[in-house]
Amino acid sequence: MDIGGSGIKGAPVDLARGDLAEERYKVLTPHPATPEAVADCVKAVVDHFGWTGPVGATFPGVVTDGTTRTAANVDQGWIGLDADALLTGRLGGESAGRPVTLLNDADAAGLAEMRYGAGRDRSGTVIVLTLGTGIGSAVFIDGRLVPNTELGHLELHGHDAEKRASTKAKEDEGLNWQHWAHRVQKYLAHVEMLFSPELFVIGGGVSRKAEKFLPLIEGIRAEIVPAQLQNNAGIVGAAMAAHAARAGEPPAADGSRAAAGAGRQPATAAGSAARAVRSAVDSPVGWPDAGR
């Protein structure tokens with residue numbers, strides 16, 4: 001599941017391939033995007049697939065131990081909420097076999113890109129940026145994630161950066177590709193000044209049109225590439241987190257586990273899921289055994 005400011009989408013995931021096992025299903029994010037309303041949408045998407053296993057979900061804000069700490073592009077009622085418990089309860093509770101493991105949306109996308117996509121086998125500092133309703137960020141140091149960085153909220157020329165350089169800003173202001181690329185360039189230059197990455201991976205839905213704006217960005221030392229998983233990266237990363245939350249069943253040495261949650265029982269409780277997420281984000285490319 002990938003919860004966003006404009007849409008809520010999901011699909012079963014084949015973790016052997018790092019790709020969707022079925023065509024994704026999407027509903028519009030309700031407005032206001034209250035926790036209860038969003039939980040109803042999550043249930044609708046999960047029920048669409050008749051899914052009976054663990055569920056990984058992303059959230060557009062800071063998530064620690066299943067609790068949502070910020071809510072820039074959704075209702076303020078999310079702040080301080082035990083969202084793991086809310087979503088798991090809406091899906092029938094632990095007894096229904098559909099526990100929810102929640103993590104930051106850009107962190108999920110970054111984990112997927114580092115495992116399967118544009119960041120695979122890359123060392124040093126890699127920054128994955130998702131451009132959409134806002135700007136999400138995932139920072140990796142030699143394959144290890146620094147969670148909840150939220151670099152879209154850096155101040156740039158007196159503005160919250162995502163208010164100037166997100167895809168939503170482009171659409172709301174009617175910017176052409178060149179004008180918008182110039183804003184993205186300024187944002188990347190600011191992030192590069194702070195972190196000196198070797199690689200920027202640009203994700204979100206707009207990554208499907210990377211040829212329209214990436215060639216217009218100049219003066220950035222780091223390599224800039226589009227996300228290979230494009231707008232499915234968050235769903236894949238969420239499935240990775242759900243997989244890690246299954247107690248006693250790490251992936252095989254070659255990473256060739258089948259679709260997350262298929263026919264298996266989940267970890268015992270939300271606390272176990274939270275520990276699994278910490279394990280996932282604290283190891284290279286999101287796997288508990290990723291030191292291999």
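The values are calculated or read from the model by the stated rules, or taken from the named source; none is laboratory data. Remember, it's a predicted structure, so these values are computed and weren't measured experimentally. Every residue, glycine as well, gets a Cβ built from its backbone with ideal geometry; the counts of neighbours run over all protein chains shown. Please note that ligands, DNA and RNA were not included when accessible areas were found on the heavy atoms of the full protein model with its side chains. Shrake-Rupley method; radii C 1.70, N 1.55, O 1.52, S 1.80 Å.
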> For the range 204-213, which residues satisfy the criterion of being more than 13 Å from residue 131 (Cα to Cα) and either surrounded by 14 or more Cβ atoms within 10 Å (Cβ to Cβ) or in contact with a strand residue (DSSP E or B) (Cβ under 8 Å, 6 or more places away or on another chain) (or both)?
Replying inline: 212
>> Anything in the range 76-100 that is in a loop (DSSP other than H, G, I, E, B) and either open to solvent by 10 Å² or more (accessible area, probe 1.4 Å) or touching a residue at least 60 places away in the same chain (Cβ under 8 Å) (or both)? List them, or say none.
In response: 79, 80, 92, 93, 97, 98, 99
> surrounded by fewer than 16 Cβ atoms within 10 Å (Cβ to Cβ), closer than 26 Å to residue 162 by Cβ and not assigned by the TED database to the domain that holds residue 135: does that describe residue 32?
Replying inline: yes
> Of the residues that make up the range 214-232, is at least one among the basic types (Lys, Arg) and buried (at least 18 other Cβ atoms within 10 Å of the Cβ)?
Replying inline: no
> Given the conditions (1) modelled with pLDDT of 95 or more; (2) hydroxyl-bearing (Ser, Thr, Tyr); (3) farther than 19 Å from residue 11 by Cα, and given that residue 58 satisfies all but one, which numbered condition is not satisfied?
Replying inline: (3)
> In the range 157-166, which residues are over 24 Å from residue 102 (Cα atoms) and open to solvent by less than 20 Å² (accessible area, probe 1.4 Å)?
Replying inline: 161, 165
> For the range 120-185, list the strands (runs of 3 or more DSSP E) that sit wholly inside it and hold at least 3 residues that are touching a residue at least 24 places away in the same chain (Cβ under 8 Å); which are they?
Replying inline: 125-131, 135-141
